[in-house]
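> Below is one structure. I have some questions about it.
The values are calculated or read from the model by the stated rules, or taken from the named source; none is laboratory data. Source: prediction; values computed, not measured. Heads up, the Cβs are rebuilt from the backbone with ideal geometry, glycines too, and the neighbour counts pull from every protein chain shown. Quick note on the areas: whole protein, heavy atoms, side chains included, nothing else; ligands and nucleic acids left out. Shrake-Rupley method; radii C 1.70, N 1.55, O 1.52, S 1.80 Å.
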Amino acid sequence: MPESSARSLRSRIEAGFTGWGRLVVRRRWWVIAACLALTGVLSSRLPEIRVDNSDEAFLHSDDPARIRYDRFKNQFDREDRVMVVLHPPEVFDLDFLQRLRALHREIEAGVPYVEEVTSLINARNTRGEGDRLVVEELMEDWPEDAADVEALRARVFSNPLYIDNLITEDARYTVVALKPFTYSTLGPDGDALGGFEEAEGVEADRGPRFLTDVEGYALVDRLYEVLARHEVRGLEIHVVGGPSFDHRLIQVMQRDVTVFISLSILVEILILYAIFRHASGVLLPLVVVVSAMVSTMGFMVWLDIPFSLTLNMLPGFLMVVGLCDSVHILAIFYRRRAAGSPRDEAIVDSLGHSGLAVVMTSLTTACGLLSFALADLAPIAQLGLLAPAGVMLAMVYSLALLPALLAVSRGKAATGPGAATVRDAFDRLLTRAGDLSTRHPVRVVVVTGVLLLVALPGLLQVRFSHDAIRWFPDRDPLKLALELVNTEFKGASSLEVLVDTGRENGLYEPETLRRIERAMRHVETLEVDGHRIGKATSIVDVVKEIHRALNENRPEFYALPEARELIAQELLLFENSGSDDLEDVTDSRFRTARMTVRTPWVDAMVYAPFLEEVQHSFRQLLGTEIGFELTGGAVLFTRVFEGVIHSMARSYAFALLVITPMLILLIGSLTRGLVAMIPNLIPIYLVLALMGWTNIPLDAGTLLFGGIIIGLAVDDTIHFMHKFGRYYEDSGDPQRAVRETLATTGSALLFTSVVLACGFAVFLASYMRNQFWLGALACTGTVVAFLADILLAPALMVLVTRRRDSAFSALPGPPAPEARRS
């Protein structure tokens, strides 16, 4: 677009904002009522907010890994259990066993949404009596003395299925395992037993509704109440597992959201008062940002998007980002009022002066955040919808609600002399910085290039990661419990393998079972990141257990039978014994077998080679006629890790491809528009280098900083380029245009950068490390972006913008501060 056409278009748009300002002033009460109505409608469903931090919630519902996992849960129920890990002075002690029985029974009776409780008290004990198969609880006959306890110990350690599942090899730890309901007992409207109707096919297209977060939290809350009554000196109790992980996350999220919002409001009050020294300059922007934040959170509920750890930063983020629009408008408003303009005229002038820049900065910020909508990870994609919506709502409230509130406010006419003095001091300082840059543009560019070269080694050390437990502090009880299970029980996660024989009763074939057993023994020899893989279990273990029981309980018969008919007969006897445990390891047609492999909880980055090895070796060990697929926590972690990499590449590319044309269009020059993007990329480059130097990984939390920074950094660039273009048109002198720009806009750029930096610094108070890292990175990026805009951008503009002789070039230098305020 020719520069003359761009100037004409900008003039018409600015005139439009002036007209909008007059309309808002005339219809102030109608505008206020409309904004309040919008806020009321959007926030009306906030009480219905729900939370989902499950592993599968990281993936979209149509992701193949998510589909396989949901199909697995529909067939075999949940894989994750709540594990109550007990560390008494001695497990095989009558006093402790009595405590264990009391705890077991109270959990069964008092903890809701639990399908089954398993411990040494009721573990399956399969034995033979003549030609009869007996399947009973391990402690069906209660031990009465030390000899009975020793006999119990012998029975426990003679069954391989107990080891590392219910008790550790050294008998120091034992477990009470809770199997939560797979499906919800609540219907779509929260009515009890509604979930059973869904399970019968009322919503056949969606399938049954899985256990809700509310039910899971109730389960864990009641469990902790029970455990509190069983605490005694000398007994360590740890709780770990999917529902307990989610429960801990919601506790932390509630704490962090409260801290973020409270600190954000406090920081904004202090900054706004320091800038404007006026009650309306503090209260009215807060009304705007709180309205935008509340509306966005309500919009989230309307879209049926669950709140999650990734969205935890959204309320505080919106309060920070939304404030910048108000700062730019109020800066002009109070400047006009200080010069003696009437209130209504000052409001109209402020919208005419800053309206276009506010819209453009909001659009570029929204586009930077919209880039997350392309993410493979569901919470990040949801952030990519909600954050842009929040930014645009903040823009609407800033251009409508804020001027309407200003029109009805009754504060004094002008800011105090202290605020003007501070602003003028910053204007002079920034002007000098611009003069230094424009007098030595080549040196500034060379120094910047050297800095980028020095940072390159750090950039090359950046690593990707996904390890949610690293986000917790080292002394967090959940983290300590998970690490304990990881070490003592040889794994806190699992890999689920579904083996498909391809035909009904295919699992009766001895050769098929032998192949599955060979695959089990092979996977137990593998390692992940130096950690040995734990125990693998399947229907093979049940068949061997039955075969030993029917052969006088002799240890040498803990093996697979040789004949197909014998396997079928023994499994039939097991089913007729009254046990339903086969449902956990095979389907009703004995076509599909479930193999569960206990895996260590490690960074998902290292799981991909392990899963490739499993795929390759299982193809060879199982043969081409037997199919299989992998799912479970290990697969979900790996898919999330892949999503981190893909999401970063897509979001950053999208942000650049969308924001760059917008900047070119606003500036009206292809060359200046492209060059103006350089200061916006440098913050991302340097922050990535900082991450490499400090070993901060790029994960599902920290990858957000790039889209955030590129969207926000462009805001200052737009304000700078918008004024630079106007002053360059008047004078034809790029050096003078830079000086005028910084003299009139520099303090606003500084104030908004301070608001953003302090706002992001609020996240340093987070309990979670990933939020802490995000706050530190975003704060650093904001500071770097501001320095790039006042030092590098002026140098680049002088180098690429030709000095133009015109009648305007003879105009006097920049006006004095007093004149500028008029």
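> If I take every Cα pair under 8 Å that is 6 or more residues apart in the chain, average their sequence separation and divide by the length, what percent do I get for the relative contact order?
Here the relative contact order equals 19 percent.
> Using just the C-alpha positions of region 271-353 as equal point scatterers, what log10 of I(q)/I(0) does the Debye formula give at each q in 0.15, 0.21, 0.22 1/Å?
-0.63, -0.94, -0.99
> Kindly state, to the nearest 0.05, the FRET efficiency for R518 paired with R803, given R0 = 60 Å and r defined as their beta-carbon distance.
0.15
> For region 618-697, with all protein chains present and a 1.4 Å probe, just round the carbon and sulfur fraction of the accessible area to a whole percent.
About 70 percent, which is the carbon plus sulfur part of the accessible surface.
> Which value in nm describes the separation of the simple spin-label points at I645 and R470, placed 7 Å from the Cα toward the beta carbon?
Between I645 and R470, the simple spin-label model gives 1.5 nm.
> Would you mind getting me the FRET efficiency between R432 and V214? Use the beta-carbon distance for r and R0 = 56 Å, nearest 0.05.
Working from the Cβ atoms, E equals 0.40.
> With each run of n ≥ 4 DSSP H residues scored as -39500 (n - 2.57), what mean residue ellipticity at 222 nm is computed for the chain after dividing by its residue count and rounding to the nearest 500 deg cm²/dmol?
-20500 deg cm²/dmol
> Using alpha carbons only, how many angstrom separate the centre of region 667-741 from the centre of region 65-132?
If we compute the Cα centre of each part, the gap is 58 Å.
> Once both labels are modelled 7 Å past Cα along the beta-carbon direction, what's the Q620-W693 spacing in nm?
With each label placed 7 Å out from Cα toward Cβ, I get 4.7 nm.
> For region 546-623 and region 354-409, compute the distance between their C-alpha centroids and round to whole Å.
Result: 54 Å between the Cα centres.
> Hey, another quick one. Multiply the residue separation of A34 and D529 by 0.36 nm, subtract the distance between their alpha-carbon atoms, and state the gained length in nm to one decimal.
Gain on stretching A34 to D529: 172.4 nm.
> Once you place label points 7 Å from the Cα toward the Cβ at R99 and S44, how far apart are they in nm?
Spacing of the two 7 Å Cα→Cβ label points: 5.5 nm.
> Then there's this: Can you list the lysines whose alpha carbon sits under 17 Å from that of K535, skipping same-chain ones fewer than 8 residues off?
Once the sequence-local lysines are set aside, what remains near K535 is K490, K544.
> From the backbone phi of region 687-702, what are the Karplus-calculated ³J(HN,Hα) couplings (6.51 cos²θ - 1.76 cosθ + 1.60, θ = phi - 60°) in whole Hz, Gly and Pro given as x?
So the J values, rounded to whole Hz, are 5, 4, 4, 4, 4, x, 5, 9, 6, 8, x, 8, 10, 4, x, 6.
> Quick query: amide H of S493 versus all other amide H atoms, modeled in the peptide plane; which residues come in under 5 Å with a sequence gap of 5 or more or a different chain?
For S493, whose amide H was placed from the backbone, the distant partners under 5 Å are T599, W601.
> Tell me, in nm to one decimal, what length is gained between R769 and V783 on full extension, where the rule is 0.36 nm per residue of separation less the Cα-Cα distance?
2.9 nm
> Also, I was wondering about something else. Which far-off residues, 5 or more places away or on another chain, put their amide H under 5 Å from the one on L120, with H placed in the peptide plane?
Those qualifying (amide H under 5 Å, at least 5 residues apart or on another chain) are V175.
> For the chain, report the accessible area per residue in Å² (1.4 Å probe, heavy atoms, rounded to an integer).
Computed with neighbouring chains in place, this is 40 Å² per residue.
> Still on this structure: I'd like the carbon and sulfur percentage of the solvent accessible area for region 1-160, probe radius 1.4 Å, heavy atoms only, ligands and nucleic acids excluded.
51
> So what are the radius of gyration and Dmax for the Cα set of region 224-283, in Å?
21.1, 61
> Work out how much length L566 to N553 would gain on full extension: take 0.36 nm times their residue separation and subtract the Cα-Cα distance, in nm to one decimal.
3.0 nm
> If the only charges are +1 at each Lys and Arg Cβ and -1 at each Asp and Glu Cβ, what is the size of the charge dipole of region 627-764 around the Cα centre, to the nearest 20 debye?
With Lys and Arg at +1 and Asp and Glu at -1, about 140 debye.
> Give me the percent relative contact order of region 241-388, please, defined on Cα pairs under 8 angstrom at least 6 residues apart.
Computed over region 241-388, the figure is 22 percent.
> Another question about this same structure. In whole percent, how big is the carbon plus sulfur part of the accessible area of region 727-806, probe 1.4 Å, protein atoms only?
Percent of accessible area from carbon and sulfur atoms in region 727-806: 61.
> What angle do you read, to the nearest 10 degrees and between 0 and 90, between the alpha-carbon axis of helix 564-576 and the longest principal axis of the chain?
80
> Still on this structure, please answer the following. Let me spell out the model: positive unit charges on the Cβ of Lys and Arg, negative unit charges on the Cβ of Asp and Glu, origin at the Cα centre of the chain. What dipole size does that give, in debye rounded to 20?
My answer is approximately 6340 debye.
> Using a Förster distance of 35 Å, how high is the FRET efficiency between E583 and R229, based on the Cβ-Cβ distance and rounded to 0.05?
0.60
> Now a separate question. Counting only Cα atoms, I'd like the Rg/Rh figure for region 457-605, Kirkwood definition for Rh.
Value, to two decimals: 1.11.
> Find the relative contact order for region 276-353 and round it to a whole percent, using C-alpha pairs within less than 8 Å whose residues are 6+ positions apart.
Relative contact order comes out at 32 percent.
> State the answer as a single residue: which of A400, F76, M691 lies farthest towards the positive end of the charge dipole of the chain, with beta carbon charges of +1 for Lys and Arg and -1 for Asp and Glu, about the Cα centre.
Farthest along the dipole direction, towards plus: A400.
> Taking θ = phi - 60°, what integer Hz values does the Karplus form 6.51 cos²θ - 1.76 cosθ + 1.60 yield along region 588-599, in sequence order, with x for Gly and Pro?
5, 9, 6, 9, 10, 10, 9, 10, 10, 10, 6, 10
> Output the peptides 596-605, 134-143 sorted from most to least packed, where packing is the average of other Cβ atoms within 10 Å over each peptide's residues.
Those peptides, ordered most packed to least, come out 596-605, 134-143.
> In whole angstrom, how far apart do the alpha carbon centroids of region 765-793 and region 259-279 sit?
Cα centroid to Cα centroid, the span is 19 Å.
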